[in-house]
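Encoded as structure tokens, the structure appears first; notes follow it.
The values are calculated or read from the model by the stated rules, or taken from the named source; none is laboratory data. From a predicted model like this one, the values you see are computed outputs, not experimental measurements. Every residue, glycine among them, receives a Cβ derived from its backbone with ideal geometry; neighbour counts consider all protein chains shown. Ligands, DNA and RNA are excluded from the accessible area calculation, which covers all protein heavy atoms including side chains. Shrake-Rupley method; radii C 1.70, N 1.55, O 1.52, S 1.80 Å.
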Amino acid sequence: MDANFFQNSKFIEKFTIFAGKLGNEIHLRSLRDAFATIMPLYILAGLAVLVNNTIFKWFLDGSTLEAAQYWGTLITNATLNISALLIAPIIAYFLSQNKGFENPLAAAIISLSSLIIMMPNTLMITPLNATEAVEISGALTFSNIGTQGMFAGVIIGLVATELFIRISHMKKLQINLGDSIPPAVSKSFNVLIPIILLMSFFALISAILFNVFNTNLILMITTIIQEPLRVATTSLIGCIILYSLGNFLWTLGIHQSVIYSSILEPLLIINMTQNMVAYAANEFIPNTINVALVTTFGLMGGSGSTICLLIATFLVGRYQATKSVSKMAFVPGIFNINEPVIFGYPIVYNISMMIPFILVPALGILISYTATILNFMDKCVVFIPWTTPPLLSSYLATAGDFRAVIVQAIILILGVLIYIPFVKINDNVMKHSNNN
């Protein structure tokens, strides 16, 4: 069996077309754009959590430590604890922009306002140093606008934007003030009636849920949709299946973000933000599998953990072309950038490389997960940049646990050993192909 089998296979051809369409689906593309935009804030939050709860504790204690940690608390409040408020308008902006809607800022505003409308107006709050909760009104809590409400922000951002765009395109609902009016004023009046109708509709739903069912949409989305979906997809089996499927698509030339960034990563990010909030508050860390664990232990050198492939090629490779590509790709590979390997080695449509390219990352996730639940290493609690080099990444992601470095080193060595026989097979295939 050679690459021509895959290239000429009708099933692969149809699957490739389907995956390509899935990757370009406008809602999934908008989600990818939104999470890519918000990513720097979460990385900043991760660094603040690391400094606050690890570095400061190395040389500060008591009231001095508490005063210094106020810095990190402010950053956490401005990033993690308003995750829902951030993600809803960003998704609305990109979705409306991708749909060609002429007023994406209005869509973002409506999405944010709709999210607030769906939150309860009265809350049970336990005051500082108190033992019993009291009912208050006119307040927002981090539990609703933060990581717990993040998935609700995603849903409302998508739904509110879709409804707003559809209503705004109805000519009878537009108010045309003429060409002499400034464009900003004209745009505002064009969407005035759609805004009134949509906001009133969401307020009516929220009022019915509160007065009749004693609940709110944020709570319903979290308990009925977010948690079951998150538990299923970010379980060990669900994560490995989805991540492996994404890597399989890469071997067909389709970027693995079609599956990973659109479906799996948003839920892994929710797990990660929950971990960071819990770690910052010195509470139990809830999620073993999160975006830091997957990228740290299943993305060494890039998709397919190809830093292992490069090392294996240096050790046993005999084919000059792949050795040259490996030398060129090694420095980018240290920072988990591996497009030179994907297309230069190549990985795409290379039968010899498909098995280890899918197997090694899955093994990395499995081993790191097992090591974590056996308490051999701490859970990942810091959202680190995906370009952080291996070994350093495991130390930072676990807030300074050297045992995680040992686990990552073991995975790295096993990955090299797995890649070695396939490097030899690939060398023979390449030589045979050139001789023919």
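Filtered by the rule that a residue be more than 16 Å from Leu391 (Cα to Cα) and of a type in the set (Gly, Ala, Ser), region 303-339 gives Ser303, Gly304, Ala312, Gly317, Ala321, Ser324, Ser326, Ala329.
Flag: Leu363 does not match the condition of being without any contact (Cβ under 8 Å) to a residue 60 or more places away in the chain and open to solvent by less than 20 Å² (accessible area, probe 1.4 Å). Residues of region 323-340 being on the phi < 0 side of the Ramachandran plot and either crowded, with 23+ Cβ neighbours inside 10 Å or outside any helix (DSSP H, G or I) (or both), which ones? Result: Ser326, Ala329, Gly333, Phe335, Ile337, Asn338. All conditions in (1) open to solvent by 50 Å² or more (accessible area, probe 1.4 Å); (2) under 26 Å from the mean Cα position of the chain (by Cα); (3) among the aliphatic types (A, V, I, L, M) hold for Ile136, with the sole exception of (2).
Criterion applied to Phe383, Phe343, Phe376 was being assigned to a loop (DSSP other than H, G, I, E, B) and surrounded by fewer than 17 Cβ atoms within 10 Å (Cβ to Cβ), and the one residue passing it is Phe376.
Among the residues that make up region 311-318, is at least one of them within 25 Å of the chain's Cα centre (by Cα) and surrounded by fewer than 17 Cβ atoms within 10 Å (Cβ to Cβ)? Among the residues of region 311-318, not one is within 25 Å of the chain's Cα centre (by Cα) and surrounded by fewer than 17 Cβ atoms within 10 Å (Cβ to Cβ), which makes the answer no. In region 109-116, the count of residues that are open to solvent by less than 40 Å² (accessible area, probe 1.4 Å), farther than 23 Å from His27 by Cα and small (Gly, Ala, Ser) is zero. Each residue in region 250-301 was checked for being of a type in the set (A, V, I, L, M, F, W, C) and at pLDDT below 85, and 5 of them qualify. Residues that are basic (Lys, Arg), at pLDDT below 85 and part of a helix (DSSP H, G or I) do not occur anywhere in region 158-170. Look at region 112-128: where a residue is under 10 Å from Leu217 (Cβ atoms) and a partner is among the aromatic types (Phe, Trp, Tyr) and buried (at least 21 other Cβ atoms within 10 Å of the Cβ), sitting 6+ places away or on another chain with Cβ atoms under 7 Å, you get Ser114/Phe202; Ile117/Phe202; Met118/Phe202. Note on region 285-302: residues that are open to solvent by 10 Å² or more (accessible area, probe 1.4 Å) and either aromatic (Phe, Trp, Tyr) or assigned to a helix (DSSP H, G or I) (or both) total 1.
Taken over region 191-242, the criterion of being outside any helix (DSSP H, G or I) and either more than 16 Å from the chain's Cα centre (by Cα) or of a type in the set (Gly, Ala, Ser) (or both) is satisfied by Val191, Asn214, Thr215, Asn216, Ser235. Close Cβ contacts (under 7 Å, 6 or more residues apart or on different chains) running from residues in region 188-202 that are open to solvent by less than 50 Å² (accessible area, probe 1.4 Å) to residues that are part of a loop (DSSP other than H, G, I, E, B) comprise Asn190/Gln174; Asn190/Ile175; Val191/Asn103; Phe202/Met118. A residue that is over 16 Å from the mean Cα position of the chain (by Cα) and open to solvent by 10 Å² or more (accessible area, probe 1.4 Å) occurs nowhere in region 258-276. Quick check on region 64-86. Is at least one of its residues modelled with pLDDT of 90 or more, open to solvent by less than 20 Å² (accessible area, probe 1.4 Å) and over 19 Å from Asn282 (Cβ atoms)? Yes, region 64-86 has at least one match. Search region 242-262 for residues that are without any contact (Cβ under 8 Å) to a residue 12 or more places away in the chain and pair each with any residue that is surrounded by fewer than 23 Cβ atoms within 10 Å (Cβ to Cβ) and not aliphatic (A, V, I, L, M) when their beta-carbon atoms are under 9 Å apart and the residues are at least 6 apart or on different chains. Filtered contacts from region 242-262: no entries. The residue that is farthest from Met272 (Cα to Cα), among those in region 74-96 that are free of Cβ contacts under 8 Å to residues at least 60 places away in the same chain and part of a helix (DSSP H, G or I), is Tyr93. Being at negative phi and surrounded by fewer than 20 Cβ atoms within 10 Å (Cβ to Cβ) is the filter here, so list the residues in region 389-406 that pass it. Selection gives Pro389, Leu392, Tyr395, Phe402, Arg403, Val405, Ile406.
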